[in-house]
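Everything on this sheet refers to the single structure shown next.
The values are calculated or read from the model by the stated rules, or taken from the named source; none is laboratory data. Note that the coordinates shown come from a computational prediction; the quantities given were computed from them, not determined experimentally. As a convention, Cβ positions derive from the backbone with ideal geometry for all residues, glycine included, and neighbour counts pool all protein chains shown.
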Amino acid sequence: MNIAVIFAGGNGKRMGGGVPKQFLEINGKPILVHTLLLFEQHHLIDKIYLAVIKEYIPYVRALAQEYGIKKLCGVVPGGDSSQDSIYRGLLAAREENPDDAIALIHDGVRPFISYDVITDNIKSVEEFGSAITSTLCYETVLISKDEGKSVAEMPVRKECYSAQAPQSFRLGDIIAAHDQIRAKNPEYEDVVDACTIMKSLGKDVHLIQGNRGNIKVTTPEDVYMFRSLLSYQENEQAFGFGLTEKIRSKIHYYMQN
């Protein structure tokens, strides 16, 4: 059993405007729908659980019906932080699924994760028990301890990776890790993702290679980048290179539904 747990509980303050960023429409669809469809159309994903702003739950259910997102099995209110939202989504998944199910934790505003990276997450959990999607840093990483006034450290660039999403684990393992963190840090202070949780508990995690277009849509500039990536993807399909596995799976999916 492979489950996507997607969190989209943010209010989008950094984006500006009156609509949370996950509901901004790009190419005629809300960003969240673009994200959900990636998992809906993946042949290895069985179920989707979503944590979202409470007052938007009826709207999300309507979107799921409009866009044929049939794998959506649960929608729960988001929490006070992204990690709290994820925890609520994980608990909803545990009500209906075994602890050895694979849970892919993904951000609702990362709408361009590649088909192969989803596959690689599942394979990594099957083999190693975890998967942290990441990309090698191309730029020099600087560490500052005085709010960006001076450089304190410069890690070796070839050893630096940027963590993305999905971040994937056995369902029971990641819930148990959350429970340990919540017992001593219920507000998730300085906890930015599942990788942070696992490493703070002394657990090993396995890195997999992500795709560089896997942006998180946070600012208006990111919206323009996402539009460009969609255009690039359309050109790939039009000229017959790339994305063959994804296209083949889409054809199979729609033939079966």
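Restricting the stretch 169-223 to residues that are farther than 19 Å from residue 126 by Cβ and among the polar types (S, T, N, Q), which is surrounded by the most Cβ atoms within 10 Å (Cβ to Cβ)?
Checked the stretch 169-223; the qualifying residue surrounded by the most Cβ atoms within 10 Å (Cβ to Cβ) is 214.
Say whether the condition of being modelled with pLDDT under 95, more than 26 Å from residue 130 (Cβ to Cβ) and outside any strand (DSSP E or B) is met by at least one residue in the stretch 36-53.
There is at least one residue in the stretch 36-53 that is modelled with pLDDT under 95, more than 26 Å from residue 130 (Cβ to Cβ) and outside any strand (DSSP E or B).
Out of all the residues in the stretch 131-150, which are in a strand (DSSP E or B), among the β-branched types (Val, Ile, Thr) and surrounded by 10 or more Cβ atoms within 10 Å (Cβ to Cβ)?
The answer is 132, 133, 135.
Limited to the stretch 123-177, what total is found for residues that are of a type in the set (Gly, Ala, Ser) and free of Cβ contacts under 8 Å to residues at least 12 places away in the same chain?
The total comes to 5.
Failed condition for residue 196, given (1) of a type outside the set (Gly, Ala, Ser); (2) at pLDDT below 70; (3) over 20 Å from residue 33 (Cα atoms), with all others met?
Only one criterion is unmet by residue 196, namely (2).
Within the stretch 54-83, how many residues are under 16 Å from the mean Cα position of the chain (by Cα) and at pLDDT below 95?
3
Residues checked against (1) under 20 Å from residue 207 (Cβ atoms); (2) out of contact with any strand residue (DSSP E or B) (no Cβ under 6 Å at 6 or more places or on another chain); (3) among the aromatic types (Phe, Trp, Tyr); (4) surrounded by fewer than 19 Cβ atoms within 10 Å (Cβ to Cβ):
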| site | (1), (2), (3), (4) |
| --- | --- |
| 48 | no, no, no, no |
| 56 | no, yes, yes, no |
| 72 | no, no, no, no |
| 81 | no, yes, no, yes |
| 114 | yes, yes, no, no |
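Could you list, in sequence order, the residues of the stretch 158-179 that are at pLDDT 95 or above and more than 19 Å from the chain's Cα centre (by Cα)?
Across the stretch 158-179, the qualifying residues are 176, 179.
This table checks each residue for (1) more than 19 Å from residue 105 (Cα to Cα); (2) part of a loop (DSSP other than H, G, I, E, B).
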site	(1), (2)
55	yes, no
62	yes, no
65	yes, no
80	no, yes
88	no, no
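Go over the candidates 208, 197 one by one and state the one that is closer than 17 Å to residue 130 by Cβ and assigned to a helix (DSSP H, G or I).
Result: 197 is the single residue among 208, 197 that is closer than 17 Å to residue 130 by Cβ and assigned to a helix (DSSP H, G or I).
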